[in-house]
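Input: a single structure, listed below in structure tokens.
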Amino acid sequence: MKPRTRLSLLRLEARDVPSSNRLFVLGENSVAVYEAQGPITGPAGPLAGQPFQQSGRLLATFDPFAGDKGSVHVATGDVTGDGVDDVVVGAGTGSTPLVRVYDGKSLLAGEVKLASEFYAYDPAFRGGVFVAVGDQDPARGAAEIITGAGASGGPHVRLFTQGTPGTFNPAGEFFAFQGDFRGGVRVATGDFNDDGRADIVCAAGPGGGPHVRVFDYFTADPLALRIASHVILDEFFAYDAGFRSGVYVVAGEFDGNNSGPEIVTTPGAKGGPHVRLWGQQGGSKLGLQSELYFGSPGTDVGYQVGAGNLGNLNGQMSFYVADGPGLIYTAALTGADQRLHAFTLRNGKIAQDTLYLPTAQTGITDEGLFIGV
């Protein structure tokens, strides 16, 4: 047999309509930050002139947690209130639940500047932390950071808001599923009830069913006050109820009609390359709109999903799927990252795009690739 190289992928995280759509982030044991360039044509050689619908320019790579070998979790959003998306990084499995924020303006200039850091949970916890960004209070001018406990943790979701520059303060918390569940919880955000605030999408980690819930964390009372109540707007099983390897989730404006965000789900290990898109069926209720198997149906490494707009589409996001740890790759396109798959919703159906993303030469691990929106 020919020698083969095993690569693994980073994970994507989501928002409804990003403030700039300029940054696209991948996280392994290091972080790679790209700027959207829009459609390009292939490089010189056999693929010269071939159109690539999604592309990005590498801005910076850095190691946010020196010495840690596990994949980090990433998200993007303007959490500092300067009008430019920042990069939020959560430590991965086996690490403390440390969250670090990197200034977006500096990254666009090719510089890496740490803006803030904090522990989302007890520093003794070693399951890592998932991160998302959502605008819970538009009047503040800065979005909130939403965290979900990682592997071996409970389904504990927390919200953090910027305080004085360089600090983030707890702003709320709840358990997305039964408190004794220990598979952790993956998080995403989007405004599903059209109230101008981000709702929180939660998906169960390994050991739970493929359970997805959408929460309105703040609801209005008769005095127009914002009351923390984490009301369930909708919930569904993304795959067969007996599936127990967890679900990855992202939310965004994927159909471009501005009627509200959609949710994309991908399964954990043993689930196959099965992408499903859930659209609103009336109010905030969601139903299966489109699904697609891609690649080899027999692969069982798990698939992590995120969103972005590398193609600079007008009013519409694409979503990206990264193969989990253990998949075997062969190099097919010199200089391009072969670990990602790009998809766009066209006429209500998921369509796969040709992706050209320059490879970030930052150590590839066996932990899985994560993508940040």
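The values are calculated or read from the model by the stated rules, or taken from the named source; none is laboratory data. Predicted, not measured: the structure shown is a model, and the values here were computed from it. For neighbour counting, all protein chains shown are included, and Cβ atoms are generated from backbone atoms with ideal geometry for every residue, glycine included. Side chains included, ligands, DNA and RNA excluded: accessible areas come from the protein's heavy atoms. Shrake-Rupley method; radii C 1.70, N 1.55, O 1.52, S 1.80 Å.
Say each of Ala139 and Asp195 gets a label point 7 Å from the Cα, pointing the same way as Cα to Cβ; how far apart are those two points in nm?
1.5 nm
Please give the length that would be gained between Lys113 and Lys349 if that part of the chain were fully extended, namely 0.36 nm times their separation in residues minus their C-alpha to C-alpha distance (nm, one decimal).
Net length gain for the segment: 81.0 nm.
Which three numbers, in whole Å and largest first, are the semi-axes of the equivalent ellipsoid of segment 67-138 derived from its Cα gyration tensor as √(5λ)?
On the way: eigenvalues 101, 42, 17 Å².
Taking √(5λ) for each Cα gyration eigenvalue gives 22, 15, 9 Å.
Ignoring everything but the protein chains, give the 1.4 Å probe accessible area of Tyr356 in square angstrom, nearest 10.
Rounded to the nearest 10, that gives 40 Å².
Could I have the simple spin-label model distance between Thr164 and Ser229, label points 7 Å from Cα toward Cβ, reported in nm to one decimal?
Placing both labels 7 Å along Cα→Cβ, they lie 3.6 nm apart.
Using a simple spin-label model with points 7 Å from Cα along the Cα→Cβ vector, what separation in nm is obtained for Lys285 and Asn312?
The two pseudo-label positions are separated by 4.1 nm.
How high is the FRET efficiency between Lys105 and Asn258 when r is their beta carbon distance and R₀ equals 41 Å, given to the nearest 0.05?
Values: r = 28 Å, r/R0 = 0.68.
That gives a FRET efficiency of 0.90.
Over segment 128-227, what relative contact order in percent results from Cα pairs under 8 Å that are six or more residues apart?
It comes to 23 percent, rounded to a whole number.
Give the whole-number value, in cubic angstrom per residue, of the convex hull volume spanned by the C-alpha atoms of segment 35-163.
Working: hull volume 19.0 nm³, N = 129.
Normalising the Cα hull of segment 35-163 by residue number yields 147 Å³.
Over segment 121-167, consider all pairs of different Cα atoms and compute the Kirkwood hydrodynamic radius from their mean reciprocal separation; express it in Å, one decimal.
11.8 Å
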